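Note sheet for the following structure.
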Amino acid sequence: MSASTEGNARAAGYTPHPYVGGRTAALRALAAWRMRWPGAPRVIVLTGNPGSGRSRLLTGFLMMCDPEYRKQLPIDDLDPATVPPDLPAPAVPSAAGRTAAQVLWLLADHFELAAGRTEDVFAELAARDEPVTIVVPDVDQAGPVRAAEEATRVVREVLTPLAATETVQLLTDVPRELATELAGALPASQVQVIDLDAPEWADPKGLVLHAETALDAGSGAPELPYTTDPAARRALAEALAARAAGSRLTVQLAVQSLLMQPEGFDPADASQLPTSVGEALDLHARRLGADPQTLRLMLAPLAFAEGDGLPVQLLGTLANAVAGRDMSQDLADGMLLAAPFIQPVEPSSEDDEDGTGEDAETGAGAGRTLLRLMHPALAEEIRSGLPDVRDTQTRIAMALLEEVPQQDWAQADPYIRDHLAAHTLEAGLLPQLLTDPGLFAHADPVTLRAAIEAVPLEQLGAPARTYLRTAPLLTRSQASATLRAAFLESAFVEDGLAPYAEALHTRGFRLPWRTLWSVPLAGIRAVTTGSVAAPGEDGTAVSRSVAALLVPEGTPGSRTLPAAADGAVAPRDGTGAADGTAAGEDAGAVNGDGAAAAGGRTALLLHDLRAPEYVDADPSQVVQPSEEDRAAAPLGFSRGADYLRVWARADRRMVAALVSDSPVTDADLSPDGVLVVATERGVTARQILVAAPPAAPSVPAQRTGTTDADASHGLEGDHS
């Protein structure tokens, strides 16, 4: 199949695809792939120059693959060889804005896999009896942070293993340099690369049709001599296509330019027709009597915009920063000049992504309108024309920082909170930014984590490393900003960064707890709270509240109990008996059950309940709260494999929700509200602050045999 089939299709009288408007050769190849035609490749890699139309082609093909959408198409009028069979729609996990791990777990969720690790996803797909069809579009737009080069990770960590899985029929569109890498990993008989700029796949007649349709007054274009007269329209379309060197984007920009501002355009003057995206910009400016460089400076903030687009309120500030001068008059006079190249974006429901309603309270997100450039290739053209991209990003980052009121991230525009890290990453300044715990809590954890992971670990300070290890928990729990602050507060204490933990209590958050201490002690079998008589400063015995930790025998500072007790401490009836007779019957007492399950003898280690220090006392004298004391306490708790909920007994209102990044081995809550939690990593004590009930994070369904070492999975949940 090649471009020669284009003419044959038209000669046969077939209707062009109403969305694609051509590309018959490529559509035939894709249809053969979908129907698994004999000799068709199992993997197709679609590529081409930016603006070649590969996204449009893939979208048009997927229209025919969707059983519902194809009912809206004139299927019977199309070339039958371009129409895929009427089968269930393939899985289409778009890579746009997503990390490699997010793309993979979208697939796992789509196919309802029981995989707990990334490698398990490929293994489960390989074990399927029937092949699965997967289409991964928009790989060039992968990742929440442009400078992190997530597209490469998607190809290497997702697409290459998928392509190597014999039960997977894969179609994807990727940049040319990555297409070569992906195809090179497979036997030639299994893969086909369709390069839309190569002669055998080029579609010059389709490009003419694309231009002619865009110029047609019947399709919405203004009534002009070259939009209402078919002959003039056809002549101009042919001239545009001939000059554009196969670039659909160049034709699109040229048509938008002359239709939005037709004054001064002579269709007979070929010099007014662009040969590239950059020339489309410059010709438009000159035709309207403007300086092309001024137009590029006006658009430059959008060329650096992250996420869905730049809030219009920030356009002037960043334009001034990029230009190094006041651009307000240029912007006021030139928005019509820039209009053909700008696309407004509807604000999404994710603007207040943490679900706290903080934007509604502060007004930070009120009335936000987002703007972005028409195409990523337009952004690359503008960026490439700047003398120093890194310096430009530095000026943008500094300007964004100045827009944070009193450096209070709660009041900052959501764009600044979520994307400042991406700008400072490309500026080479991200490590210097990662010192404010308030930013850690307020920023979108998927975006911030992606930016931090792009920095070599040795360049990160201690707070950033703490954030990095906590980020899977933040994304997995889909926690609000307040709960993110709470989880980070505990993580800072765990890592010996108490000042950062304390700072979060001064940032306006109503945290559900204050972390009192944390001990990185492995092997804890069980915990309980209680009191014990211990020597005071003057040598006299004083009662101290303690956490009694059941640990492996030989743990420094621990004391082994008599063998008959098998690790028991005083039962909760408050009698002070230590013979172990009742302890084994009480579900909350520290007893020998953990030792029996794990094998080996155990010992007790006493830790002050409220202070970061151990207590030297006889563990057999620990007195636990009685059941009456516990029943009378204002708080109770329940727990699962890796989460706990603390609730008020009076009205069953939840006052704290804790999700752990490692399995919980045991937990206890003292009558005065100190929650002691032991995990595989260690033990941490938190004073529950009853007056500050947070919203609960979601608790995803648990997968077995997993760790939290995988990459972020964002809004789809962290399946690691």
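Calculate the spin-label point distance for Thr15 paired with Ser638, positioning each point 7 Å from the Cα along the beta-carbon direction, and give it in nanometres.
Here the answer is 5.8 nm between the modelled labels.
Name the long-range amide H neighbours of Val622: under 5 Å, sequence gap of 5 or more, or other chain; modelled H, no Pro or chain starts.
Residues meeting the amide H criterion: Ala570.
So what are the three principal axis dimensions of the chain from its Cα atoms, in whole Å, longest to shortest?
Principal extents (largest minus smallest coordinate, Cα): 105, 63, 45 Å.
Against the longest alpha carbon principal axis of the chain, how many degrees, from 0 to 90 and to the nearest 10, is the axis of helix 462-477 turned?
80 degrees
Using the alpha-carbon centroid of each, what span in Å lies between the range 470-499 and the range 95-167?
Computed from Cα coordinates, the inter-centre distance equals 28 Å.
Arg128 to Glu223: extension gain in nm, 0.36 nm per residue of separation minus the Cα-Cα distance?
In short, 28.5 nm is gained.
Quick one: which of 45-54, 506-515, 443-452, 93-102 comes out on top by average Cβ neighbours within 10 Å, and what's the full order, highest first?
Top to bottom by mean Cβ count within 10 Å: 443-452, 45-54, 93-102, 506-515.
Which one of Ala91, Pro612, Ala31 has its Cα pushed farthest toward the positive end of the charge dipole of the chain, where Lys and Arg give +1 and Asp and Glu give -1 at the Cβ?
Checking the options against the dipole of the chain, the answer is Ala31.
Hey, can you rank 660-671, 266-277 by average C-beta count inside 10 Å, highest first?
660-671, 266-277
Can you give me the Cα centroid spacing of the range 49-64 and the range 281-324 in angstrom?
Their Cα centres are 28 Å away from one another.
How big is Rg to Rh over the range 371-465, alpha-carbon atoms, Rh as the Kirkwood inverse-mean-distance radius?
That ratio equals 0.98.
Quote the Stokes-Einstein diffusion coefficient, in whole µm² s⁻¹, for the range 48-121, based on the Kirkwood radius over alpha carbon pairs, a temperature of 20 °C and a viscosity of 1.002 mPa s.
The calculation lands on 146 µm²/s.
Can you give the accessible area per residue of the range 186-313, in Å², using a 1.4 Å probe?
41 Å²
Assuming R0 = 45 Å, what is the FRET efficiency of Arg325 and Ala91, from their Cβ-Cβ distance, to the nearest 0.05?
Given R0 = 45 Å and the Cβ-Cβ separation, E is 0.35.
What is the set of long-range amide H partners of Tyr614 at a cut-off below 5 Å, with H atoms built 1.01 Å from backbone N?
The answer is Asp608.
Would you mind counting up the charge near Leu253? Only other residues with Cβ under 14 Å from its Cβ, with Lys and Arg at +1 and Asp and Glu at -1.
0
At a temperature of 25 °C and a viscosity of 0.890 mPa s, determine how fast the range 75-219 diffuses translationally according to Stokes-Einstein, using the Kirkwood radius over alpha-carbon pairs as Rh; express D in µm²/s, rounded to the nearest whole number.
142 µm²/s
Nearest 5 percent is fine: what portion of the DSSP beta bridges confined to the chain is antiparallel?
Roughly 80 percent of the DSSP beta bridges within the chain come out antiparallel.
Carbon-plus-sulfur fraction of the accessible area of the chain, 1.4 Å probe, in percent?
52 percent
Give a residue-ordered list of calculated ³J(HN,Hα) values for the range 152-168 (Karplus: 6.51 cos²θ - 1.76 cosθ + 1.60, θ = phi - 60°; whole Hz; x for Gly, Pro).
5, 5, 4, 5, 7, 9, 10, 5, 4, x, 4, 4, 7, 8, 4, 8, 9
Could you state the angle between the C-alpha long axis of helix 230-243 and the longest principal axis of the C-alpha atoms of the chain, as a value from 0 to 90 degrees rounded to the nearest 10?
60 degrees
Mind checking the per residue accessible area of the range 110-160 for me, 1.4 Å probe, whole number of Å²?
That works out to 45 Å² per residue.
For the range 297-305, take each phi angle, set θ = phi - 60°, evaluate the Karplus expression 6.51 cos²θ - 1.76 cosθ + 1.60, and give the result in whole Hz per residue in order, putting x for glycine and proline.
Rounded to whole hertz, the list is 5, 5, 8, 4, x, 6, 5, 9, 5.
Rounded to the nearest 500 deg cm²/dmol, what is the calculated helix-only ellipticity per residue at 222 nm for the chain, with -39500 (n - 2.57) per DSSP H run of length n ≥ 4?
It lands at -11000 deg cm²/dmol.
Give me the compactness ratio for the range 261-355, meaning the Cα radius of gyration over 2.2 N^0.38 Å.
So the range 261-355 has a normalised radius of gyration of 1.26.
The values are calculated or read from the model by the stated rules, or taken from the named source; none is laboratory data. Here the structure is a predicted model, which is why all the values come from computation and not from measurement. Ideal geometry is used to build each Cβ from the backbone, glycine not excepted, and the neighbour counts take in all protein chains shown. Heads up: the accessible areas ignore ligands, DNA and RNA and are worked out on the full protein's heavy atoms, side chains in. Shrake-Rupley method; radii C 1.70, N 1.55, O 1.52, S 1.80 Å.
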